1. Filter the range A:269-279 down to the residues that are part of a helix (DSSP H, G or I) and open to solvent by less than 10 Å² (accessible area, probe 1.4 Å) and list them by number.
2. Taking A:Ile250 as meeting all but one of (1) at pLDDT 85 or above; (2) surrounded by 14 or more Cβ atoms within 10 Å (Cβ to Cβ), write down the number of the exception.
3. What pairs can you find where one residue is in the range A:1-17 and over 15 Å from A:Val308 (Cα atoms), the other is at pLDDT below 85 and surrounded by 13 or more Cβ atoms within 10 Å (Cβ to Cβ), and their Cβ atoms are less than 8 Å apart, with a gap of 6+ or different chains?
4. Given (1) part of a helix (DSSP H, G or I); (2) within 30 Å of A:Gly305 (Cα to Cα), identify the lone condition not met by A:Asp32.
5. Hey, among A:Ala94, A:Ala19, A:Ala122, which residue is crowded, with 18+ Cβ neighbours inside 10 Å, small (Gly, Ala, Ser), farther than 30 Å from A:Thr238 by Cα and modelled with pLDDT of 85 or more?
6. Given the conditions (1) over 30 Å from B:Phe176 (Cα atoms); (2) within 23 Å of the chain's Cα centre (by Cα), and given that B:Leu54 satisfies all but one, which numbered condition is not satisfied?
7. Could you list all residues from the range A:291-303 that are open to solvent by 10 Å² or more (accessible area, probe 1.4 Å), more than 9 Å from every other protein chain (Cβ to nearest Cβ) and in contact with a helix residue (DSSP H, G or I) (Cβ under 6 Å, 6 or more places away or on another chain)?
8. Which of the helices (runs of 4 or more DSSP H) contained wholly in the range B:23-137 include at least 2 residues that are farther than 26 Å from B:Val216 by Cα and modelled with pLDDT of 85 or more?
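The values are calculated or read from the model by the stated rules, or taken from the named source; none is laboratory data. Treat the numbers as computed from the prediction; the structure is a model and nothing was measured. Backbone-built Cβ (ideal geometry, glycine too); neighbour counts: all protein chains shown. Keep in mind that these areas ignore ligands, DNA and RNA; they rest on the heavy atoms of the full protein, side chains included. Shrake-Rupley method; radii C 1.70, N 1.55, O 1.52, S 1.80 Å.
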Amino acid sequence: MAGFLARRLINYVALIVVATSLAYMLAASALDPRSNYEARRPPPPPAVVDARLDELNLNNKTPVFQRYLRWSWSVLHGDFGKTTVGDPVNADLARRAGVTLRLILVGLIVGSVAGVLGGALAAVWQYGWFDRLTTAASFLVLAVPTVVLANMLIIGAVWFNDLVGAQIFLVSGETTPGLEGGFLRGAADRAQHLLLPTLSLSLGLIAVYSRYQRNMMLDVLGADFVRTARAKGLRRSTALTKHALRTALIPAVTYFAFTFGALIVGTTFTEKIFGWHGLGEQLINSIFTNDVNTVAAISCLAAFGVLVAALASDLMQAALDPRVRVG
Amino acid sequence: MSGHVTLPDEQLAEQSSPGGVGVAVPSRGRVVARRFFGSWGGRAGFALLAVMFLAAFAGPLVYPWGYTDKDFTAFLTPPSPSHWFGTLQTGADVFAVTMRGMQKSLVVGLLAALVSTALAAIVGAFAGYFLGWTDRVLMWVADLLLVLPAFLILAVMSPLFAAGQWPLFVVMLALFLWMVTSKVVRGMTLSLKEREFILAARFMGVSPTRIVFRHVIPNLSSLLVVDATLNVSAAILTETGLSYFGFGIQPPDVSLGTLIADGSKTATYAPWTFWFAAGLLIVTVLAVNLIGDALRDAFDPSARRAR
């Protein structure tokens, strides 16, 4: 087991290095930081622009490979370089990472728990009203892109706020700036801001997981070991949770690693549309401002995130499935 | 169908019914089609998608306004007999631009799905059939592409898609859709490889490449058809997301993504600018998903009727 995990880990690290390097090369050759200076009035003299770009390691007159070497050297020392305006990328991203992490964690927990529970219940009550309702709802949700879903939520929230004449749902940012009041008021404000972005992020996850979990659960429900568990006198609920659900969770856990990449993209859209100042918002902004170093740093973090998810799903699988632990 | 006919019986049956007279066994395609259209989801999905295609491609032919036309007497007007879906702030007709956007989204989605499924079939079948270094290299590339954030790469490359380079956009889109399917194909190839007809072909001296294309991939067709269908909706959704932020289809051309992005800014006081494009997109993806699901059931004889 340990040897298997170690080999996995080495492979993952190699993947992160190659993925990040590719992203840097691509960003460095496709984005054009020089154009940021050309738009200025009056345009700065070319020598000044060159000196500034050289200093930031963004000069497109230097060969890409040479820039890559200088960049990777500084990344090895833990420094992702500077943004196009000269601020350190590390400090900027460290501040934003917390925002994204909060959003992604809440979305992931709500999405996977609700999805797995909904799917399992739908399987237990197959062809009942709950099953029909969740199947129809998940089909509908899967057809709605995140960008449309987020905008629909905003439009609905504005309409609802107008209707009741109070700001119930807050649709922009993470907190209200300059809010007065105690801790409770602040917590309520955060919750009001968090509600819609979480929904926009987790509805899709709930739909995917409930469909998947329903199928897995149906496969398991008819299995002999569940009948045996009932026959030896376990209550139905115990047999279902301890034996059926636990077994049916194993494939879902594997699936988790695959959905994480989609979750990152979903977070990007959600942050940008709801005005959360996280990594995803910065990613879109940095492409528009030709910020090569920020793009490379965020893709490194994204690759890291996907692989942490893959590793977590390996570990969860080992925790759920005794055969993996022994074998 | 009687499943217990032994070989001599079969031969006897063939001999006794020369020229195919007797019980006509329906072809596999016909069986699948009957099961597909027999299901509620299959009929609904097919009808919806047919209507979408007809509207997107035939609609503009009979409609007086083109997608580049501007009506300078009507800015941001609600739906009316002269402008079925109303107009935008620029005076452009919402029906005309929406149909144009649908054309782009449908074509991009279909092509990207075809390319990615073909790629998945070839990569997966080669990896599974040849194993060894071929397998290691191909699956490592698949892992790498799974790790690379697709949205970021496509967004960074977006300047290349400007000025009518949308076929390149399709190829890039497809490049990030094939990985998971190729792993499934690889797994199925591993078991197919041991089957008698593959072994027979190999011992007859058929070249490995030919075996992969003539015997392995055709035997995975049901999986691939279903996968291609589901990839259509994945491609349409990705395209919408990219275009929404200005990284996909570039102006002056329009796609549903760019329309939804523009419409969302005016949606609260001019709902027609947002809801027609968003609604048609949702209906299209829903139709494709219904077709994919019905196809999966139709191909799989053991499928539970998951309705």
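1. First pass over the range A:269-279, keeping only residues part of a helix (DSSP H, G or I): A:269-274, A:279.
Within the range A:269-279, A:Thr270, A:Glu271, A:Phe274 qualify.
2. The one condition A:Ile250 does not meet is (1).
3. Note: pairs meeting the criteria are A:Met1/A:Ala318; A:Met1/A:Val324.
4. Going through the list (1) part of a helix (DSSP H, G or I); (2) within 30 Å of A:Gly305 (Cα to Cα), A:Asp32 breaks only (1).
5. Result: A:Ala19 is the single residue among A:Ala94, A:Ala19, A:Ala122 that is crowded, with 18+ Cβ neighbours inside 10 Å, small (Gly, Ala, Ser), farther than 30 Å from A:Thr238 by Cα and modelled with pLDDT of 85 or more.
6. Failed condition: (1).
7. Within the range A:291-303, A:Cys300 is the sole residue that qualifies.
8. Qualifying helices (runs of 4 or more DSSP H): B:40-62, B:94-130.
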